[in-house]
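Just so it is clear, none of the values below were taken in a lab; they were calculated from the coordinates. Since the structure is predicted, the reported quantities are computational estimates derived from the model, not experimental observations. Counting neighbours? That spans all protein chains shown, and the Cβs are built from the backbone with ideal geometry, glycine included.
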Ligand code: BG6
C-alpha cells in the first residue's frame, strides 16, 4: 500500500505535504513525490527514490510558495522502485497519485497507446493518469473526466488529482483503499489515514467506496460515480498527536512494546465488571440467545493479526466445550471453498482495518450470511465500518511496521469474546473469576516482565546477532507464540527464522540444527513442562544453541535461560511474548537494520 496526501489552502503546500508523507511513511517507503500548482496553473513536480528524506532534499532545491498540492509515498507493486515509477504521475494536463491496484491497466494501456500515448514507467497508476487526460477534452472538467475514467477501470483505488485545467481544486476518489479529507479554516487536507491530518484539524470526512470529491479551500463537494451530489458526513478525529510521536524512545517499536500495559488497560477498560466479573462487550450486536446458539467461530487475519487469532483460539478452547474455533489465514480463506456451518460467527482481526485480504474475507463471510465481528484498532477504518459488530482494541496509533501492542490486545479482545460466549453458555462463576482475574493482573504482569528481562535480553542478543538462522519452538498455547516470535525476528532483523510446534521437531525440522542455527524455546511451568523439557533435551543432543524463555524456577539444560517472573497461567504466553519482541528489537538494533520500516514491508497491505 502507499500513502497519499493533499493540501489546498493559504499556506505553502510543500512543507505540509512532505511532513504529511513523513507521518505516512510506514505505508511504503520505496519512493516519494509531490506536485504543487500555482495560481497560473504552473506545476512543480518533484520525485525521489527511497525515503521521504530524499524527497525533502530534492524539494529544498525547488522551493515554491504554491498553496495547492498532492504527495505520495510508494510501496511498489507494479514496476521496480525508481524515479520513473514514482508518483505523482504526470500525463498531459493531469497529475495523479494512487494507492491500490488497477487490474485491467494492460488493456487500457493498449487502447491509449493506439491513441498515441506513451508511458515513462511500468505502473498501473500512470495508465490511469493517461486515461483521465484522454477523457478531459471530452468532459471538460477534471471531476467529469475522473468519473468517466473510473467507470472503465477494474480494481482498487484511493486517488488524488491535479490538473492545470483548474489550479483551485484537487479531485479525490475512493474504492477499496482508504481516503480521509480534513476540513480546516479555509484549507482542506487529503490523506490515506488520520496520522497525516492530526494536529491540522479534527473535522474529517471518510470517503466511502464509489465516492468522488472536489476539494477546494472551502471544503469538499462530494459526488457518487455518476457525479450526483452527496452530503458529506463530517466526523471528529479520534487520534492524538502524542500517539504518533516517539516520546523519547529511539524507535516506535520499542515505544510500542513499552506501551503494552497501558494499551491493554485501554482494551480491557469497561469490559469486565469489577463487581460481578462478568464480561460486557457492548458492540457485538448479538443477544445472549444468539451468543448461546453459536457453535462455530472463525477467526480471520493476516500476519501478526492471524497469529493473534490463533493464540486466542488455543486459549478459548480451554474454557469452551461446545464451540469449534479455528483461526484462518485471510489470503488463503478468501479463495478456499470452505464450509460455514449453521451457528457460525466470524471474528475479523486487523490492526489497521484496511488489509485487503482480510476485508475480502469479511465481504465473503457476510455474503454467506455470517455475523462478522471486527477486532480492529483504527477507528473509522473500512473493516470497522463494514462489520456487523465490533470490539475496538484502543491501543492508540501503532506506527512501527512490526506489530506488537496490537497483537497483545487482539489476543485479549478475542479471548474476552470467548469468555462472553462461555458466560452466555453458563460458564461456572469459579472459572469466570479465574479467567477475568488473570486479565485484570495481565497489565502489571507485562510491566514486571519488561522491567525484569529487558537488560538481560539486550546483553543476550550480542551472543546471537551473527547467526543467520533460528528455530522458535513452543507447545500448545506457546506454539502460536513461537510463530509470532519467529515472525518478529524475520520482520525486523531479516534473520531466517521458523516457528514450530515442539512436538513436530523430530518429524523433520530437527535436521536443520547445526552451528548456523540458534533455537528459542518457550517453556511454561504447567502440565506440559516435562514434555517441553524433553523436546529441549532432544535438540541439545543435536548440538542446539538453545535460548529458553520460561517461568520454571529450576535449572534447565540450555545455553541461555531468560526467566520471566509470572504466575499467570492461561495468559502466561502473552507475558512470554514480550521477550520475543524485545529480542527482535535489540537484535535489529545490533544488526543495524531499519527497525521501524524494515525493507519490503508496509504497515498494512491494502492491495491483494
Ligand atoms: C502487515 C504488517 O503488512 O500486515 C503486519 O506489516 C500486520 O504487522 C499485517 O500484522 C496485518 O495487518 P492488519 O492491519 O490487518 O492487522
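Stretched out straight at 0.36 nm per residue, the stretch from residue 276 to residue 324 would grow longer than its current Cα-Cα span by 14.6 nm.
Taking Cα pairs under 8 Å and at least six residues apart, what relative contact order does the chain come out at, in percent?
Values: 1390 pairs, mean separation 71.1, N = 608.
Taking the mean separation of contacting Cα pairs over the length of the chain, I get 12 percent.
For the chain, the longest principal axis of the Cα atoms and the long axis of helix 429-464 meet at an angle of about 80 degrees.
Tell me whether region 1-89 comes out rounded, prolate or oblate; compute the Cα gyration tensor, take square roots of the eigenvalues as a ≥ b ≥ c, and use a/c under 1.5 as the rounded threshold.
Working: a/c = 1.88, a/b = 1.67, b/c = 1.13.
In terms of gyration-tensor shape, prolate.
The angle between the Cα long axis of helix 479-493 and the main principal axis of the chain comes to about 50°, on a 0 to 90 degree scale. Between the helical axis of 105-114 and the longest alpha-carbon principal axis of the chain there is an angle of about 20 degrees. The Cα center of region 160-209 and the Cα center of region 539-595 differ in position by 45 Å. Under the criterion of Cα pairs below 8 Å and six or more residues apart, the relative contact order for region 493-567 equals 28 percent.
Beta-bridge orientation, region 235-385: approximately 5 percent antiparallel, per DSSP, counting only bridges with both partners inside. Residue ranges 114-127, 77-90 sort as 77-90, 114-127 when ordered by packing (mean number of other C-beta atoms within 10 Å per residue, highest first).
Let a ≥ b ≥ c be the square roots of the eigenvalues of the Cα gyration tensor of the chain; is it rounded (a/c under 1.5), or, if not, prolate (a/b larger than b/c) or oblate? The partial results should precede the final answer.
Details: a/c = 2.08, a/b = 1.64, b/c = 1.27.
Since a/c reaches 1.5 and a/b is larger than b/c, the shape of the chain is classed as prolate.
Per-residue packing, averaged as other Cβ atoms within 10 Å, sorts the ranges 382-390, 42-50, 23-31 into the order 23-31, 382-390, 42-50, beginning with the highest. Every helix of 4 or more DSSP H residues in the chain counts as -39500 (n - 2.57), and over all residues that averages to -11000 deg cm²/dmol at 222 nm. Give the percent of DSSP beta bridges with both residues in the chain that are antiparallel, rounded to the nearest 5. Bridges in the chain that DSSP calls antiparallel: roughly 60 percent. For region 457-608, the relative contact order comes to 28 percent (Cα pairs under 8 Å, sequence separation of at least 6).
Using a simple spin-label model with pseudo-atoms 7 Å out from Cα toward Cβ, residue 428 and residue 287 lie 3.0 nm apart.
Taking 20 Å as the cut-off, the amide N atoms of region 122-141 that come nearer than this to a point 7 Å along the Cα-to-beta-carbon line of residue 41 belong to 129-141. Averaged over residues, the count of other Cβ atoms within 10 Å places the peptides 68-76, 579-587, 591-599, 322-330 in the sequence 68-76, 579-587, 322-330, 591-599, highest first.
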